[in-house]
Structures are given as C-alpha cells and as structure tokens.
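The structure under discussion appears below in the form of structure tokens.
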Amino acid sequence: MKSKILIIGACGQIGSELTFKLRELYGAENVIASDISYSNLDIVNSGIFEIVDAKNYASVKVCVEKYKIDTVYLMAAILSATGEKYPMKAWDLNMESLFHVLNLARAKFIKKVFWPSSIAVFGSTTPKEYTPQYTIMEPSTVYGITKQVGERWCEYYHNKYGVDVRSLRYPGIISWKTLPGGGTTDYAVEIYHKAITDGFYDCFLKEDTMLPMMFMDDAIKATVDIMATKKDNVKIRSSYNLAAISFTPKEVADSIKQHMPDFKMTYHPDYRQEIANSWPKSINDSYARQDWKWKHQFNLKDITQEMLFQLNKKYKASINESK
Ligand code: AKB
C-alpha cells in the first residue's frame, strides 16, 4: 500500500516546495497539503488542501484519520526573528504542534514523522567553526530554545515509545518560489529579489556575517533522503547537523555583481545581527554524510545563477500578466 502523507505548514517556504516534490515522487493523490490559512494559492490550487490548525490536536487528528495518513511532515513554525517579537506565540506553536504529532505517532495513528530543527539550537558558547554534532548548546533565541527542547523530545519519544521521528538541523535556506518569513537568514533570499526589482539592497546584517546556508533543492533532497532511508540508518534521533556552504552578505553581493555590475548594497544591522552572531559560521555534518549518504550539490555561484534566472523569469511573467 502507498504511503499517505500530510504536510502541516505547506504554504511556507520549505513546506510548499516539499509538497511539490513529494507529489512528484509519491503521486498527488497521496500527498495532502495543509496550513492554517489559504496563504499560498499555488499550493492551495495544486492538489488536495485542508485547513489544519497545528496547535489544535483535534484539527490535526481529524485530517490524519480522514485521509488515513501514515507520515507527517510538520513544517509549521515561528522562526528566529519573529520569535523574538512574539516569544510566547513562538513557544506555543513550535512546542504544541510537535507534541500533537508525536502523540499521534505514539498512539499509532501515524507511523513516521519529519520535524525540522535548525542551526538556531546552537548559541554563543558553541564552537563557531565546523560546529560538531555533539557540542555545547545554549541557544539565545526563543526559536532556538524550542528547537533544542524539541530535539530532546523527539529523541525521548523514539527511545521510550519507539516513535520513528527523523529530523535535520536546517541552515538558512535560499529559494525563489516562496518567500521565507521571519528568519535571520532571510536576507539571503531578499537580496536576490531586490537586486532584480531595485538594483539595490539594504542588508540588516553586517557585511562579514558568515552563516551556514543551503539551496532549497539540496534541503528538499536531504529531507526526502532521510525519510526514505531504512530505519536502521537513522542513528541520531534528536536531529542531524546538515551543511552545504557558508557565506557572508558581502560574498553574496559580489556574486550578484558578477551578473549585475551596477548592483549596490548598504548595511544597517538591526536586532537580527545579535541572533546571527550567536550562530555557527560553518557546520560539521559528517554523521549525515556517513549514516544516510548525504551530499550537497549547489555552491554560491550555482545558487546566484539559478536565483537570478528564475526570479527574472518570474518578475517578467508577472509584468506581462498585469498588462
Ligand atoms: C531562521 O533564520 O530563523 C531560519 C533558521 C536558520 O532556522 N532560517
């Protein structure tokens, strides 16, 4: 029997692309997209879509039972920057949604769970370069705290109740289809949009702020791969370090200038600088590479080329549509 998949938070940056990929791989009829509102019409109109409130156990359970779901990807979350503005909202959404899904797995309504963690689990006392899987973790953001606590609960549910939960510590994710919302690494997506629309970007981080980053295609591949691999290969049940590349805002600006020599960038660091300062500069993901053969593909040059190409097409198409 084919697996039935539910994506919670399917309208978001990663959830939307994951939905498209899983439909391509497992058939549109087997992948149910859900979110709290109809905020992404490309997703809403692309297949089965349900309104699901991730904070409400009954809302999630009704959908799981309706479609006989066996696998849940829980992508709904409040990210680092928004989390600092609304700490209790971030705590409530990020933790309640995780418990609902873990409890559904514990009660055997579902068999498998994917839950994203983040480099935000690390803090200013963590070694910054090539940050190891097992190290000091003292996150300073509410988002980071929810991810660290969530990791502990995932491991606990696996060890105590046999829940098959799998997780990745995503770095900043760069993509062109859906905008990210409320993260500290969002500058690395906004910069490409602004380069095309304004030829100029005012960055909220300092020019030399090095952070771990990854192109969306690589992030989706990692997610699909860890979920598809044999149970025994998943040796870490908290969350795996995951890495591709690291760069600074200045390095992205320089790579854009290779294609658009007149592109200009200014820097006005805001409260997000402090968050970025507390995160690693680069990540050691050797366990993922060893356990389930993770390998990234895209470097900064590839990413810039693809982002500018796809966004140019997208903006031209929307101008033509409005004529
Ligand atoms: C954020 O910036 O909050 C996220 C993340 C690194 O988890 N993109």
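The values are calculated or read from the model by the stated rules, or taken from the named source; none is laboratory data. Computed from a prediction, not measured in an experiment: that's the story for all the values here. Counting neighbours? That spans all protein chains shown, and the Cβs are built from the backbone with ideal geometry, glycine included. Side chains are part of the model used for accessible areas, which takes the heavy atoms of the whole protein and leaves out ligands, DNA and RNA. Shrake-Rupley method; radii C 1.70, N 1.55, O 1.52, S 1.80 Å.
Observations, loosely collected:
- Boolean, Ile78 is surrounded by 14 or more Cβ atoms within 10 Å (Cβ to Cβ), assigned to a loop (DSSP other than H, G, I, E, B) and of a type in the set (A, V, I, L, M): yes
- When region 1-59 is filtered for residues that are part of a helix (DSSP H, G or I), of a type in the set (A, V, I, L, M) and open to solvent by less than 50 Å² (accessible area, probe 1.4 Å), the ones remaining, listed by number, are Ile14, Leu18, Leu22, Ala28, Ile43, Val44.
- Single unsatisfied condition, Asp270 versus (1) outside the structural domain of Asp202 (by TED's automatic domain parsing); (2) over 22 Å from the mean Cα position of the chain (by Cα); (3) of a type in the set (D, E, K, R): (1)
- Only residues that are under 30 Å from Thr209 (Cβ atoms) and in contact with a helix residue (DSSP H, G or I) (Cβ under 8 Å, 6 or more places away or on another chain) were counted across region 146-180, and they come to 21.
- When residues of region 148-173 are limited to those that are more than 22 Å from Ile110 (Cα to Cα) and within 11 Å of the ligand (Cβ to nearest atom), the one surrounded by the fewest Cβ atoms within 10 Å (Cβ to Cβ): Tyr170
- Residue match in region 98-105 (condition: within 16 Å of the ligand (Cβ to nearest atom) and either acidic (Asp, Glu) or open to solvent by less than 30 Å² (accessible area, probe 1.4 Å) (or both)): yes
- Looking only at region 82-94, and only at residues there that are of a type in the set (A, V, I, L, M) and within 16 Å of the ligand (Cβ to nearest atom), the one that is nearest to Thr71 (Cα to Cα): Leu93
- For Pro261, the conditions (1) free of Cβ contacts under 8 Å to residues at least 60 places away in the same chain; (2) assigned to a helix (DSSP H, G or I) are fulfilled apart from (2).
- Region 116-132 - residue that is in contact with a strand residue (DSSP E or B) (Cβ under 9 Å, 6 or more places away or on another chain) and open to solvent by 10 Å² or more (accessible area, probe 1.4 Å) and, of those, nearest to the ligand (Cβ to nearest atom): Pro116
One line per residue, one yes/no per condition, for (1) under 22 Å from Tyr170 (Cα atoms); (2) modelled with pLDDT under 95:
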residue	(1), (2)
Ser37	no, no
Asp42	no, yes
Phe49	no, no
Asn56	no, no
Thr82	yes, no
Trp91	yes, no
Lys111	no, no
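- For region 243-253, the count of residues that are open to solvent by less than 60 Å² (accessible area, probe 1.4 Å), assigned to a helix (DSSP H, G or I) and either within 16 Å of the ligand (Cβ to nearest atom) or not aliphatic (A, V, I, L, M) (or both) is nonzero.
- Among (1) open to solvent by 40 Å² or more (accessible area, probe 1.4 Å); (2) within 13 Å of the ligand (Cβ to nearest atom), the one test that Asp208 misses: (2)
- Looking at Ile275, Ile220, just one residue is within 16 Å of the ligand (Cβ to nearest atom) and in the same structural domain as Leu22 (by TED's automatic domain parsing), and that residue is Ile220.
- Test: residue in region 52-69 that is more than 21 Å from Lys2 (Cβ to Cβ), assigned by TED's automatic domain parsing to the domain that holds Phe20 and touching a Lys or Arg at 6+ places or on another chain (Cβ under 7 Å): no
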